[in-house]
Amino acid sequence: MARAWLISLNKKGGPMKIPKRTTWFLIADSAKARIIESNGPHQGGWRVIEEWADEDARTPSRELERDRPPRGRTIGTGEPFTMEGRSEHDKAGEAFLAARAGDLAEAAKQTRYDQLVIVAPPSALGYLRKKLHPDVTAKVIGVYDKDLTNETERELHAYFVEKLEHW
């Protein structure tokens, strides 16, 4: 079976140069994140450019919360109840993710990247999606709901070479 190849030509009849694209990979959860920059799967430019860790979000909830939630009894039936809110652990994780969304927006404004791939566990991904600026979401080419924060750079590169056809 013959394959047909499409070659774009510039005005002078020569092949067009494909513009170099910078792709950022945000690998995050609610307490740890890193951004890896690449110029393509086989370009050799795979490097970590930012890393963050939030110790408050990693600290177990029992160590962050000192008081028990308010308790009482309902009027009429006398049933016991507690007033549960978001834990300090959840609040710290959300603040961490909101800061990463702000970092991505600032970098998009400075045109530091052309494309973005986001990898985060489902809960972190859901919160992150709410916080992303429209300029950032316009650059997203892939989203993966996995926790890959503990993977090595080599394992991440192999994972994305397999998953993404091109970047």
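The values are calculated or read from the model by the stated rules, or taken from the named source; none is laboratory data. Bear in mind that the values here come from a model prediction, so they are computed numbers and not experimental data. FYI the Cβ positions are ideal-geometry reconstructions off the backbone, even for glycines, and counts take in every protein chain you see.
Overview of values
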{"item": "Meets criteria (closer than 21 Å to Ala31 by Cα and either among the β-branched types (Val, Ile, Thr) or within 12 Å of the chain's Cα centre (by Cα) (or both)) for Ala107", "result": "no"}
{"item": "Residue list for the range 128-167, restricted to those being more than 17 Å from Trp24 (Cβ to Cβ) and in contact (Cβ under 8 Å) with a residue 40 or more places away in the chain", "result": "Asp147"}
{"item": "Total residues in the range 115-145, condition over 16 Å from Arg34 (Cα atoms) and in a helix (DSSP H, G or I)", "result": "11"}
{"item": "Complete set of residues in the range 108-147 that are polar (S, T, N, Q), at pLDDT 95 or above and farther than 22 Å from Pro41 by Cα", "result": "Gln110"}
{"item": "Scope the range 133-142; condition among the hydrophobic types (A, V, I, L, M, F, W, C) and exposed (fewer than 15 other Cβ atoms within 10 Å of the Cβ); matching residues", "result": "Ala138, Ile141"}
